[in-house]
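Student: Mind looking over this structure? Questions follow.
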Amino acid sequence: MKTVQGIRIKTANEVDILRKAGKILSSIVAQLQSSLTSGMSTRDIDQKAEELIRRHHVVSAFKGYRGFPGFTCISVNEGVVHGIPGPRIIKGGDIVSLDMGIIYEGYYSDTAVTIPVGNVSPETRRLLDVTSDSLLRGIEQARPGNKLSDISFAVQSFVEMHGFSVVRDFVGHGIGKQLHEEPEIPNYGRPGEGPLLREGMVFAIEPMVNMGTHRTRILNDGWTVVTEDGKPSAHFEHTVAITSNGPEILTK
Ligand code: MG
């Protein structure tokens, strides 16, 4: 296995396995997304995720990870990331961030989406659109010859141009045989810094964007991250392979 600047370079065969993993994961998340309605608890969503994981013969990357109790991280409204599935009932007007990872043939895939339930406020709708677009802006920079922080800068500048803030306390990451590999991928920073990007790197790029302050705090459960000011937060994530032609989204 080749490592450049601490970052594992995947072979074409490994990228192919990661591509299959991404396909399975995105299909599971699409099914979860279409079944999500108000009146469900976050535990109901997690049970559905468990069923789908079993049906696709893959393994959850999150269940038991450092003791995490769920198959998915479900973060509602002011929840940023790492929400534990439980009795909370989803209502119309909520936004639900669904983060999920699987292991397929020894390789990890990771994706997240924030889903509006029923009618959400126009400002919340805009938060989701800006966050999702900022992910695409970041991904666009994931190409050979660029520097790592070109991704970070693209995300941050787009988000801040729209008056929102990027979370600093949590970052994206390399992914492959491990859920979290080098490098860390912040969603903020100046362009042109950090490792040179090259073909065979695979990254989980995941902007977490807050409507108000970028500051967060962790609830007493030791996991759930919420915004410090209680305002909404959105999270979108894709696992992306850097190819000679540029970025390839594996969890599309
Ligand atoms: Mg991730």
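The values are calculated or read from the model by the stated rules, or taken from the named source; none is laboratory data. These numbers come from a predicted model, not from an experiment. For neighbour counting, all protein chains shown are included, and Cβ atoms are generated from backbone atoms with ideal geometry for every residue, glycine included. These accessible areas exclude ligands, DNA and RNA; they are computed on the full protein's heavy atoms, side chains included. Shrake-Rupley method; radii C 1.70, N 1.55, O 1.52, S 1.80 Å.
Student: For region 93-113, name all the residues that are more than 10 Å from the ligand (Cβ to nearest atom) and closer than 17 Å to ASP44 by Cα.
Tutor: ASP94, ILE95, VAL96, SER97, LEU98
Student: Right, something else. Name every residue in region 140-155 that is open to solvent by 10 Å² or more (accessible area, probe 1.4 Å) and either out of contact with any Lys or Arg (no Cβ under 7 Å at 6 or more places or on another chain) or within 30 Å of GLY92 (Cα to Cα) (or both), in order of residue number.
Tutor: If the condition is that a residue be open to solvent by 10 Å² or more (accessible area, probe 1.4 Å) and either out of contact with any Lys or Arg (no Cβ under 7 Å at 6 or more places or on another chain) or within 30 Å of GLY92 (Cα to Cα) (or both), then GLU140, GLN141, ARG143, GLY145, ASN146, LYS147, LEU148, ASP150 are the ones that fit.
Student: I would also like to ask the following. List every residue pair whose Cβ atoms sit under 7 Å apart, with the two residues 6 or more apart in sequence or on different chains, where the first one lies in region 132-160 and is farther than 13 Å from MET201 by Cβ and the second, anywhere, is open to solvent by 60 Å² or more (accessible area, probe 1.4 Å) and of a type in the set (Phe, Trp, Tyr).
Tutor: Filtered contacts from region 132-160: SER152/TYR188; GLN156/TYR188.
Student: Within region 76-92, is there a residue that is surrounded by fewer than 16 Cβ atoms within 10 Å (Cβ to Cβ) and either under 19 Å from the mean Cα position of the chain (by Cα) or of a type in the set (Val, Ile, Thr) (or both)?
Tutor: Yes: region 76-92 contains one or more residues that are surrounded by fewer than 16 Cβ atoms within 10 Å (Cβ to Cβ) and either under 19 Å from the mean Cα position of the chain (by Cα) or of a type in the set (Val, Ile, Thr) (or both).
Student: Does any residue in region 115-126 that is on the phi > 0 side of the Ramachandran plot come within less than 9 Å, Cβ to Cβ, of a residue that is in a loop (DSSP other than H, G, I, E, B) six or more places away or on a different chain, and which pairs are these?
Tutor: GLY118/THR37; GLY118/SER38; GLY118/LYS91; GLY118/GLY92; GLY118/GLY93; GLY118/ASP94
Student: Restricting to region 128-153, name every residue that is of a type in the set (A, V, I, L, M) and closer than 18 Å to MET211 by Cα.
Tutor: Matches in region 128-153: LEU128, VAL130, LEU135.
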